[in-house]
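Just below is one structure, and these are the notes that go with it.
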Amino acid sequence: MTAPVPADVLSRLKAVLGEGGWSQDPARLAPKLLEWRDRWTGETPLLVLPKTTDEVAAVIAICCESGTPITTQGGNTGLVGGQIPQGEVLLSTDRMRAIRALDTSDDVLVAEAGVTLSAIHEAAAAVRRRFPLGLASEGSATVGGVVSTNAGGTQVLRYGMTRNLVLGLEAVLPNGEVWNGLKRLRKDNTGYDLKQLLIGAEGTLGVVTAAALKLHPVMASRAVAMIAVADPEAAIQLLGRAKDETGGAVEAFELMGRLGVEFALRNIPGTRDPLAQPHPWYVLAEFSTAEPGSAEAAMARVLAAGLQDGLVHDAAVAQTEAQAKALWAIRENQSPAQKPEGATWKHDVAVPVSQVPAFLRQATAAVQAFTPGARVAAFGHVGDGNIHYDVLRPDGGSDAEHAALRDEGSRIVHDIVAALGGSISAEHGLGSMKTEEAKRYKSPVEVEALQAIRRALDPKRIMNPRVLF
Ligand SMILES: Cc1cc2nc3c(=O)[nH]c(=O)nc-3n(C[C@H](O)[C@H](O)[C@H](O)COP(=O)(O)OP(=O)(O)OC[C@H]3O[C@@H](n4cnc5c(N)ncnc54)[C@H](O)[C@@H]3O)c2cc1C
């Protein structure tokens, strides 16, 4: 727990923000101090709610001068605890919700940090553009949050992570100075890229106050299918075919094991099995193209060839938008559907795409040897080699016993990932949860270089002091 913040510092922070700009009301604070899976409960002496970049700068300047630790929070959907304060002042971007500019010549949308991802999608759609970052948390996740976690999601295969979707940033640095880097350039090769340093920094190098986001054209043709495959090898072969067949128009290619699908059918109202028989593995595939009808035609060709040579066992192709949504609901609810099933060790790992089947085989054998009866619900962005590898307690087993084995069990999974040349955090970041674990797998040379960058920008380590190196 961070040391108590002196009363005079709290008074100064309140004074620069004025009425409505701060809160100590327990009812107002409560939802911001609880992580959505109830994994972390936080504490803060003060919630600050700046409305403008200048107000953020005033807050950070006071924190810098007094050495007061501060944690930034957007939508509180982060999965690694980085947004939950443990005694620090809590800065929320809730009141920074303006879309400052929307320009279809530059294909850019400039939004403040607290705008939700859903609001970005709506604003882009209104001018026949789209921002291709899709997360199941998009109704709450904010621009500042997705930038600071370098969020991924289902469309990375085609458009890349947030890193590839940001043209410029505005941020308040840990010394309280405002950096206006809200450029709209596609090319700017002028040395170190401060914007890229802030993307994925998890709030440790400053507060992101606004971002210039890259927009893409709307696609006229879209095909969505839930495809039953024999195993992850078949899924990867099918992905190769789909890329060839569509000329790279595969928008999403998501793997799901049967157990996770069963959890969704059992625990999420309104979901139903789109296929007549259960299958061990499924892919949810989406293609999209500019030419009307061509995505649907490509999907039909990929499925017909796959059925012929045994890669595909069965498939349900959405005929309407409602059916597409219903198929996506099964995928998007993979994580929420686990909640009623008891304690889980969650992993967000990446390995080279070719190594996904080996990872799944090795990890499952190892965790089941360690905890007989453990239930593995693996799903994720197989086209990126990113698997959410979740290990649930044995059916009827004890939550407390399973939770007590989490660190040891996760170490087994992470060691296999590292041996296959992978990463222990593919898209969720490190937060307070995985920082120590990550140090095990990064070289001392790298950790030292990263610490030097942080010391240079934040010598007092006031910004999110519990996270990263
Ligand atoms: C159901 C569900 C599905 C999800 N699916 C995905 C997925 O597919 N891919 C994926 O990548 N993530 C996913 N996530 C994780 C999460 O939604 C993302 O990490 C998201 O980017 C967090 O945004 P947020 O606004 O909620 O940030 P928060 O949770 O509030 O904060 C996350 C981190 O960013 C920092 N931060 C927030 N705002 C700022 C700011 N303005 N300036 C500086 N630092 C800031 C915080 O300090 C913290 O370290 C999912 C989460 C849920 C609950």
**OP:** Give the residues of the stretch 19-41 that are among the basic types (K, R), in a loop (DSSP other than H, G, I, E, B) and either under 23 Å from I462 (Cα atoms) or without any contact (Cβ under 8 Å) to a residue 24 or more places away in the chain (or both), sorted by residue number.
**Re:** none
Subject >> Where a residue in the stretch 401-423 is hydrophobic (A, V, I, L, M, F, W, C) and its partner, wherever it lies, is in a helix (DSSP H, G or I) and open to solvent by less than 50 Å² (accessible area, probe 1.4 Å), with Cβ under 6 Å and at least six apart >> reply: I412/A366; V413/A363; I416/A363; L420/F359
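Being part of a helix (DSSP H, G or I) and either within 12 Å of the ligand (Cβ to nearest atom) or farther than 28 Å from A326 by Cβ (or both) is the requirement here; does N180 meet it?
Details: part of a helix (DSSP H, G or I): no; either within 12 Å of the ligand (Cβ to nearest atom) or farther than 28 Å from A326 by Cβ (or both): yes.
So N180 fails the test.
State yes or no: is V16 touching a helix residue (DSSP H, G or I) at 6+ places or on another chain (Cβ under 7 Å), outside any loop (DSSP other than H, G, I, E, B) and open to solvent by 20 Å² or more (accessible area, probe 1.4 Å)? If you could, list the steps in order and put the result at the bottom.
Details: touching a helix residue (DSSP H, G or I) at 6+ places or on another chain (Cβ under 7 Å): yes; outside any loop (DSSP other than H, G, I, E, B): yes; open to solvent by 20 Å² or more (accessible area, probe 1.4 Å): yes.
So V16 passes the test.
Right, E245: over 26 Å from R361 (Cα atoms) and in a helix (DSSP H, G or I) or not?
Numbers: over 26 Å from R361 (Cα atoms): yes; in a helix (DSSP H, G or I): yes.
Answer is yes for this residue.
Could you pull out the residue among E170, E138 that is open to solvent by 30 Å² or more (accessible area, probe 1.4 Å) and among the acidic types (D, E)?
Details: E170 fails: open to solvent by 30 Å² or more (accessible area, probe 1.4 Å).
Answer to the selection: E138.
For the structure I just gave you, tell me whether G385 is open to solvent by less than 20 Å² (accessible area, probe 1.4 Å), in contact with a strand residue (DSSP E or B) (Cβ under 7 Å, 6 or more places away or on another chain), more than 30 Å from F287 (Cβ to Cβ) and modelled with pLDDT of 95 or more.
Details: open to solvent by less than 20 Å² (accessible area, probe 1.4 Å): yes; in contact with a strand residue (DSSP E or B) (Cβ under 7 Å, 6 or more places away or on another chain): yes; more than 30 Å from F287 (Cβ to Cβ): no; modelled with pLDDT of 95 or more: yes.
Against the criterion (open to solvent by less than 20 Å² (accessible area, probe 1.4 Å), in contact with a strand residue (DSSP E or B) (Cβ under 7 Å, 6 or more places away or on another chain), more than 30 Å from F287 (Cβ to Cβ) and modelled with pLDDT of 95 or more), G385 does not qualify.
Would you mention how many residues in the stretch 61-78 are part of a strand (DSSP E or B) and among the β-branched types (V, I, T)?
First, the residues of the stretch 61-78 that are part of a strand (DSSP E or B): 70-73.
Next, only the ones that are among the β-branched types (V, I, T) stay: 70-72.
The number of residues fulfilling the criteria is 3.
Go through the residues of the stretch 262-279 one by one and say whether even a single one is within 16 Å of the ligand (Cβ to nearest atom) and closer than 30 Å to G421 by Cα. Even if it seems obvious, please write down each step before you answer.
Initial filter on the stretch 262-279 (within 16 Å of the ligand (Cβ to nearest atom)): 263-264, 267-268, 271.
Imposing the further condition that a residue be closer than 30 Å to G421 by Cα reduces the set to none.
Within the stretch 262-279, none of the residues are within 16 Å of the ligand (Cβ to nearest atom) and closer than 30 Å to G421 by Cα.
Could you list, in sequence order, all residues of the stretch 189-204 that are assigned to a loop (DSSP other than H, G, I, E, B) and within 12 Å of the ligand (Cβ to nearest atom)?
Residues of the stretch 189-204 assigned to a loop (DSSP other than H, G, I, E, B): 189-193, 199-204.
Within the stretch 189-204, I199, G200, A201, E202, G203, T204 qualify.
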**OP:** Would you mention how many residues in the stretch 205-246 are surrounded by fewer than 18 Cβ atoms within 10 Å (Cβ to Cβ) and within 16 Å of the ligand (Cβ to nearest atom)?
**Re:** 0
Original post:
Do we find a residue being open to solvent by less than 50 Å² (accessible area, probe 1.4 Å) and farther than 20 Å from L79 by Cα anywhere in the stretch 420-442?
Top reply: yes
Original post:
Here are some conditions: (1) under 30 Å from V353 (Cβ atoms); (2) within 13 Å of the ligand (Cβ to nearest atom). A124 meets all but one. Which one does it not meet?
Top reply: (2)
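Output yes when any residue across the stretch 277-289 is within 21 Å of the chain's Cα centre (by Cα) and open to solvent by 60 Å² or more (accessible area, probe 1.4 Å), and no when none is. Write out each step before concluding.
To start, the set of residues in the stretch 277-289 that are within 21 Å of the chain's Cα centre (by Cα) comprises 283-286.
Those left that are additionally open to solvent by 60 Å² or more (accessible area, probe 1.4 Å): none.
Looking for residues that are within 21 Å of the chain's Cα centre (by Cα) and open to solvent by 60 Å² or more (accessible area, probe 1.4 Å), one finds none in the stretch 277-289, hence no.
For the stretch 42-56, check the following and say yes or no: at least one residue is in a strand (DSSP E or B), within 11 Å of the ligand (Cβ to nearest atom) and touching a residue at least 24 places away in the same chain (Cβ under 8 Å).
Let us first name the residues in the stretch 42-56 that are in a strand (DSSP E or B), namely 43, 47-48.
Next, only the ones that are within 11 Å of the ligand (Cβ to nearest atom) stay: none.
Within the stretch 42-56 (the criterion being in a strand (DSSP E or B), within 11 Å of the ligand (Cβ to nearest atom) and touching a residue at least 24 places away in the same chain (Cβ under 8 Å)), the answer is no, since none of the residues qualifies.
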**OP:** Could you please find all residues in the stretch 388-419 being within 22 Å of A337 (Cβ to Cβ), open to solvent by less than 30 Å² (accessible area, probe 1.4 Å) and part of a helix (DSSP H, G or I)?
**Re:** H402, G409, S410, V413
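Quick check, is G139 in contact with a Gly (Cβ under 8 Å, 6 or more places away or on another chain), touching a residue at least 12 places away in the same chain (Cβ under 8 Å) and within 16 Å of the ligand (Cβ to nearest atom)?
Details: in contact with a Gly (Cβ under 8 Å, 6 or more places away or on another chain): no; touching a residue at least 12 places away in the same chain (Cβ under 8 Å): yes; within 16 Å of the ligand (Cβ to nearest atom): yes.
Answer is no for this residue.
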Original post:
When both residues are 6+ apart or on different chains and their Cβ atoms are under 8 Å apart, which pairs have a first residue that lies in the stretch 144-155 and is at pLDDT below 95 and near the ligand (Cβ under 6 Å from one of its atoms), and a second that is of a type in the set (A, V, I, L, M, F, W, C) and in a loop (DSSP other than H, G, I, E, B)?
Top reply: G152/M161; G152/A426; G153/L133; G153/L135
Original post:
Is there any pair with a first residue in the stretch 317-345 that is among the β-branched types (V, I, T) and a second that is in a helix (DSSP H, G or I) whose Cβ atoms are under 7 Å apart and which are 6 or more apart or on different chains, and what are they?
Top reply: V317/M299; I330/V261; I330/A264; T344/Q338
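The values are calculated or read from the model by the stated rules, or taken from the named source; none is laboratory data. Computed from a prediction, not measured in an experiment: that's the story for all the values here. With ideal geometry, Cβ positions are generated from the backbone for all residues, glycine too; neighbour counts draw on all protein chains shown. The accessibility values were calculated without ligands, DNA or RNA, using every heavy atom of the protein model including side chains. Shrake-Rupley method; radii C 1.70, N 1.55, O 1.52, S 1.80 Å.
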